[in-house]
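Asks: My questions will all concern the structure given below.
The values are calculated or read from the model by the stated rules, or taken from the named source; none is laboratory data. Just so it is clear, the model here is predicted, and its values are computed rather than measured. Quick reminder, even Gly has a Cβ in these numbers, built from the backbone with ideal geometry, and neighbours come from all protein chains shown. To get the accessible areas, we keep the full protein, side chains included, count just its heavy atoms, and leave off ligands, DNA and RNA. Shrake-Rupley method; radii C 1.70, N 1.55, O 1.52, S 1.80 Å.
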There are 2 protein chains.
Amino acid sequence: MIEHLSTPAFLVDRHIVQRNCDAMRVKAVASGIAFRPHVKTHKTIEVGLMQHGGARGPITVSTLAEAEAFAEAGFRDITYAVPIAPAKLQRAQELASRIDRLNLLIDSEEAFRAMEATEGRRFDVFLKIDCGYHRAGVDPSNPDSLHLALQMARSSRMSFRGLLTHAGHSYNARHLDEVQALAAEESASVSRFRSLLEAEGVRDLVRSIGSTPTASVVDRFTDCDEVRPGNYVFYDAFQATLGSCSVQDAAVSVLTTVVGSYPERNALIVDAGALALSKDTGPDHIEPRFGYGLVCDAGLRPLPMRVAALSQEHGRIEALDTVPVGTRLRIIPNHSCLTAAMFDRYYVIDGQQVVAEWKPVRGW
Amino acid sequence: MIEHLSTPAFLVDRHIVQRNCDAMRVKAVASGIAFRPHVKTHKTIEVGLMQHGGARGPITVSTLAEAEAFAEAGFRDITYAVPIAPAKLQRAQELASRIDRLNLLIDSEEAFRAMEATEGRRFDVFLKIDCGYHRAGVDPSNPDSLHLALQMARSSRMSFRGLLTHAGHSYNARHLDEVQALAAEESASVSRFRSLLEAEGVRDLVRSIGSTPTASVVDRFTDCDEVRPGNYVFYDAFQATLGSCSVQDAAVSVLTTVVGSYPERNALIVDAGALALSKDTGPDHIEPRFGYGLVCDAGLRPLPMRVAALSQEHGRIEALDTVPVGTRLRIIPNHSCLTAAMFDRYYVIDGQQVVAEWKPVRGW
């Protein structure tokens, strides 16, 4: 039972995760494209299997540690979706030799040259394209990018598999129609760049796209060959605010206990601080700002309270009502990817019952 | 050697930690007061011993998991410095029975009544006083606070040991003289409240104070009986900005690799994202804002760069210079307590050599 758990504890609602996993998978299948969900949000074999309806299908990872753990569990087709550090090429090569396919990401001449200087097994590579997020990725309108892609296509050290992009700037959108516009540009940017390469004789490149906001707002995936959403398995308060999901789709919450109650200053202290919730400020470009997570009662009904500040083990909540010490609350995190990573163990719940414990991959 | 470590990695400079530990301990000893350093920043037995010059002295903890791990390692006098959730009293009682002293914190009638309703071993308790931080703690000017303290003094279920406060608002100071004023008020607030209790016949209460900024700026601890600083073992970019230490006193850094270089947009991507650095924004009330940590070269020389944004595994750095992919950087964290907690293992360095690995306590 949830009531017997020590706090803070990370709760995952099994039915909601299942529903979120099924909905995205069905949409990908119905769209006739490949589905390569990201596992970085949950980092567990259990949810990895749920994402593929029980199969060990293609996945995307954010660390080599995730890749190795999922490979160990039988997943054989993995994309490592962060540009690879040259010093990690050997470790990647060793992993690649144990599975069917490990796709790596390149977006620089230096990484290309580092790969060219290797020996042994050929690498499977994607070129990372910047579709406007301006984090990683080459500028598809820059002639140097085309030059790098052509070098990749001609290299004997790599098999050039495709073009990958991520519309992370969808997290900065304010409205659903903004997210929809970014979704269209996400796939259009890789399609345009692929056309340039086709004109140069480079064919069969996979167009891989994906962010949870853009993947959630479209009815059908078009103008792409593969999608890689990840956060959708849990969703969170941020996604609900953006409109990617409703609050009822948030599958995770942090169970916490009121340890201090100060009605004279309209404040509570709970035992979920920065090490339980993470300090992601969430959708702070959208009013009203709701602080470091959405405060709910033990039955997950939202309360008119705000997590105003976090220190290491204290969460300070603004509350007009008096709430006694000992009361349990649940906080839907702003950003489930970061909050989940604070916990070594997830408690999987079905109603008020704890039905399983899952242990995420940690480290790099 | 550091150069062989995979990134991101958390580096701890052994000599600097030793120097920081020695300086604070010597100051406490010279002040003739008890020294009960906080272990929450490092969460390792190794640094716990260094804080006491090799002895298993009194310590402060932020979680019962820390208390249990340090008790297991032979530490026998522990203060758990977060108001205790009533549901954790039994676990605390079990731990208390295995060591000499486990001090718990109370600041509410509810927690007092929960403790009153227990059986078995008496609890050792401190009353938490709010000295102006307005996080936890009773208002010392409120008559209800005096009433609660008198109830604690008369209870047969607890031994009332002292008054504890924490000037956490020193982190919001802008200048050293502001920190000094808060340091004076920190100890004055508990001394005044203790006088009120002495007038009621309650004697021998320990006045326990401590935050790293306030403990660092005074030459000598006065008007108190015990200090509990914690962050000083590592310090960080935030403390250097406040003036608690210099940048050269920061004992920790995150080793990271440039995985993307985009001179056309004055940006780098490193493989230390939010899961390596934490998303603590640091001293963002002080100009100039330097982002999510202080970027240095591999020799720890500060560079004119700024960690502008963090996503899960990507750190985006603004840099006017072109820095090749594969370059290693070291980032002094904004807030070492939160950054250290992101890592399962610390690499202890002496110059460029890795001389040990330490594993911090995790969870709650």
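Asks: Could you work out the Rg to Rh ratio of region A:147-190, with Rh taken as the Kirkwood radius (inverse of the mean 1/r over all Cα pairs)?
Replies: Values: Rg = 15.0 Å, Rh = 12.5 Å.
My calculation of the ratio gives 1.21.
Asks: How large is ³J(HN,Hα), in whole Hz, for each residue of region B:182-188 in order, when computed from phi with the Karplus curve 6.51 cos²θ - 1.76 cosθ + 1.60 and θ = phi - 60°, using x for Gly and Pro?
Replies: These are the phi-based 3J(HN,Hα) values: 5, 4, 5, 5, 4, 6, 4 Hz.
Asks: Hey, what do the phi angles of region A:195-201 turn into as Karplus ³J(HN,Hα) couplings, whole Hz, using 6.51/-1.76/1.60 and θ = phi - 60°, x for Gly and Pro?
Replies: Computed from phi, the couplings for region A:195-201 are 4, 4, 6, 4, 4, 9, x Hz.
Asks: Please build a GNM for chain B, connecting alpha carbons under 10 Å apart, and tell me which residue among B:ASP177, B:ASP139, B:ASP236 fluctuates the most.
Replies: Result for chain B, Cα springs under 10 Å: B:ASP177 fluctuates most.
Asks: Sorted from shortest, what are the nm distances separating the label point of B:ARG345 from equivalent points in the other copies, each placed 7 Å from Cα along Cα to C-beta?
Replies: 2.3
Asks: If one computes the Cα centroid of region A:246-291 and of region B:169-215, what distance in Å separates the two points?
Replies: Spelled out, the Cα-based centre of one part sits 29 Å from the other.
Asks: Moving on to the next point. Answer rounded, prolate or oblate for chain A, using the Cα gyration tensor with square roots of eigenvalues a ≥ b ≥ c: rounded when a/c is under 1.5, else prolate when a/b is larger than b/c, else oblate.
Replies: On the way: a/c = 2.19, a/b = 1.86, b/c = 1.18.
Here chain A falls in the prolate category.
Asks: Continuing with this model, one more query. What per residue convex hull volume, in Å³, comes out for region B:113-197 when only alpha-carbon positions are used?
Replies: In region B:113-197, the Cα hull volume divided by residue count equals 93 Å³.
Asks: Binning at 5 angstrom from zero up to the longest distance, how are the C-alpha pair distances of region A:236-364 distributed in percent?
Replies: 2, 11, 21, 24, 20, 14, 6, 2, 0, 0
Asks: Is region A:152-274 rounded, prolate or oblate when judged by the Cα gyration tensor, a ≥ b ≥ c being the square roots of its eigenvalues, rounded requiring a/c under 1.5 and prolate requiring a/b larger than b/c? Write down the numbers at each step before the final one.
Replies: On the way: a/c = 3.71, a/b = 2.56, b/c = 1.45.
Cα axes put region A:152-274 in the prolate bin.
Asks: State, to one decimal in nm and shortest first, how far the label point of A:GLU287 sits from each corresponding label point in the other identical copies (label point: 7 angstrom along Cα-to-Cβ).
Replies: Distances to the matching label points in the other copies: 2.4 nm.
Asks: Got the A:THR118 label distances to the other copies yet, label 7 Å along Cα→Cβ, in nm, shortest first?
Replies: Shortest to longest, the spacings are 5.6 nm.
Asks: Just by accessible area at a 1.4 angstrom probe, what is the order of A:MET115, A:MET1 from largest to smallest? Present the calculation step by step, with values, prior to reporting the outcome.
Replies: Values: A:MET115 0, A:MET1 80 Å².
Final ranking, largest accessible area leading: A:MET1, A:MET115.
Asks: To continue, here is another question. Over the heavy atoms of B:THR322, what accessible area does a 1.4 Å probe trace out, to the nearest 10 Å²?
Replies: 90
Asks: I would also like to ask the following. Find the relative contact order for region B:180-320 and round it to a whole percent, using C-alpha pairs within less than 8 Å whose residues are 6+ positions apart.
Replies: 16
Asks: Can you tell me the equivalent ellipsoid semi-axes for the protein assembly as shown? Use √(5λ) from the Cα gyration tensor, largest first, whole Å.
Replies: Over the Cα atoms of the protein assembly as shown, the ellipsoid semi-axes are 47, 28, 21 Å.
Asks: May I ask for the equivalent-ellipsoid semi-axes of region A:9-134, computed as the square root of five times each C-alpha gyration tensor eigenvalue and listed largest first in whole Å?
Replies: Working from the Cα gyration tensor, I get semi-axes of 28, 16, 14 Å.
Asks: Okay, moving on. For each pair in A:LYS40/A:LYS279; A:LYS27/A:LYS279; A:LYS279/B:LYS359, compute the distance between the two Cα atoms and list the pairs where it is over 25 Å.
Replies: A:LYS27/A:LYS279
Asks: Pull up all non-local amide H partners of B:VAL354: gap of 5 or more, or a different chain, and H-to-H distance under 5 Å with H placed in the peptide plane.
Replies: Answer set, sorted by chain and number: B:ILE2.
Asks: Please give the helix A:14-30 orientation as an angle from the longest Cα principal axis of chain A, in degrees from 0 to 90, rounded to the nearest 10.
Replies: It is inclined by approximately 30 degrees.
Asks: Measure nothing but the geometry: give the 0 to 90° angle between the long axis through the Cα atoms of B:143-154 and the longest principal axis through the Cα atoms of chain B, rounded to 10°.
Replies: 70
Asks: If you don't mind, there's one more thing I want to ask. So which residue, out of B:GLY260, B:GLY210, B:GLY273, gets the largest mean-square fluctuation from a GNM of chain B using Cα contacts under 10 Å as springs?
Replies: The residue with the greatest mean-square fluctuation here is B:GLY260.
Asks: Hey, another quick one. Based on alpha-carbon positions alone, could you give the equivalent ellipsoid semi-axes of region A:61-211 from the gyration tensor, as √(5λ), descending, whole Å?
Replies: Semi-axes from the Cα gyration tensor: 26, 20, 13 Å.
Asks: Tell me the trypsin sites (Lys or Arg not before Pro) within region A:300-364 that lie in a loop according to DSSP and have at most 16 other beta-carbon atoms within 10 Å.
Replies: Taking region A:300-364 and a limit of 16 other Cβ atoms within 10 Å, the loop trypsin sites (Lys or Arg not before Pro) found are A:ARG345.
Asks: Counting only Cβ atoms, what residue of chain A lies nearest to the axis that sends chain A onto chain B, and how many whole Å off?
Replies: Residue nearest the A-to-B axis, with distance in whole Å: A:LYS279, 2.
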